[in-house]
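Novice: Starting off with a structure, shown below.
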Amino acid sequence: MKEQLRRGRLMFISFIILDLLCLAAANVLAVFLYLRFGEIKYSLADYSVIVAYMAVIDVLVTIGFNTLDKVMRRRKKKELTESLKHVVLCIVILALFLFSTKQGATFSRVTVFLAYSFYLILIILCRIVWKELLKQRQKGQAASTALLVTTAGYADEGLGVVEHSGVTVKGMFITDKTNEGLIRDIPVIVDRNDATAFLCWEWIDKVYICGPDNIDVPEALLIACKQMGIPVYTAPAAKSLDFEVIKIRTALQKNDTNTGLSFFEGEHDIPFRITRFYTIFESEQDKQKGFHAHKQSWHLLFCPYGRIDVMVDTGRDRKTITLDDPSVGLILQPRIWREILWKKSGSVLCVAASGHYDVEKLRNDYGEYQKFLQEKDWASVIESAEIMGEEIL
């Protein structure tokens, strides 16, 4: 609900107002028919009380049960079932309220059920018409639009690939970023629920995924794409590295060749915001550490003193990187297995991480790690999504 109100703005509220107008019209129609053909036992003024009850319950059901979830992109069959669910919930809650307050005999049950029957028909028809009007308005503002799913290190490259195909990128969901903002005037989304709401209310035509092979694409986002009929494409990335050796900016004092300064800045020199920093020291030679992978966090490893070997395993390939220079750093993307060997006693390992410490993010068993990689084959969760124009069966 929070994400829909944030992204949907006035459109989401317009559906609430539309429902209330349909409810009022349904009640007027029901009372008119009952006055004409039935033996009504109360005045219209009395009936206005139950109409007020129905309006309040309608809003509470909408908010409490989120019955307008993805309403902009729901297909007609889904709209029918969700509207029926909404009306049934309203009837049940109204009945319980009238029974508990002993007001059930005050109002005509026939009129209430008749009003809700008209209400169901009206909201189905009016929602479909209103969505079509909003859709035409949205479509008239831009050509084909897309949401880019990427990582911080691939954002610029992904934008270039998608925009080269003539598609307008309206938003980016960056899986390993922790703060929202703008990149080249395009809004950056970091909350997974918010990304799903963005698809719905911004009327996105396509979703492009550009990043490393192990990019953590939320299953909920892909399932939402399937439900809303949004094709998903992979944008080919030139990079295929899951890790990268970088140069850390280093300067030596002009008058003192034994003193140096090395420094880096998060989201400037390295492609993530630093949330945690730690050091490992006083380790003996040939001491081994690591033997784990992090599900979400990026890491920068560097050795300001000594020599340390880092064995990196992507699930497909293994490579050993030697850190023995304070100007050399190793960036590890999420879900990369690492084993660390101290080649010199007293060597110091410094680590900057994008996420807070969470033991649940660690995989200390290599067999479990391989199983985890296989389970996160995100492409398999969509039965009929388009990937570069081909169907996934």
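Novice: Kindly indicate whether G329 is assigned by TED's automatic domain parsing to the domain that holds S262, crowded, with 17+ Cβ neighbours inside 10 Å and at pLDDT below 80.
Specialist: no
Novice: With respect to I215, is the statement that it is over 12 Å from the mean Cα position of the chain (by Cα) and at pLDDT 85 or above true?
Specialist: Spelling it out, it is not the case that I215 is over 12 Å from the mean Cα position of the chain (by Cα) and at pLDDT 85 or above.
Novice: Also, quick follow-up: Is there any pair linking a residue in the range 299-318 that is free of Cβ contacts under 8 Å to residues at least 24 places away in the same chain to one that is part of a strand (DSSP E or B), with Cβ under 8 Å and at least six apart or on different chains, and which?
Specialist: Here the result reads R318/M311; R318/V312, each pair linking the range 299-318 to a residue that is part of a strand (DSSP E or B).
Novice: Consider H299 against the criteria (1) within 18 Å of I215 (Cα to Cα); (2) at pLDDT 90 or above; (3) more than 25 Å from the chain's Cα centre (by Cα): it satisfies all of them except one. Which criterion is unmet?
Specialist: (3)
Novice: Is the range 159-180 home to any residue that is modelled with pLDDT under 85, β-branched (V, I, T), in contact with a Phe, Trp or Tyr (Cβ under 6 Å, 6 or more places away or on another chain) and buried (at least 19 other Cβ atoms within 10 Å of the Cβ)?
Specialist: yes
The values are calculated or read from the model by the stated rules, or taken from the named source; none is laboratory data. The structure displayed is predicted, hence computed values, not measured ones. Counting neighbours? That spans all protein chains shown, and the Cβs are built from the backbone with ideal geometry, glycine included.
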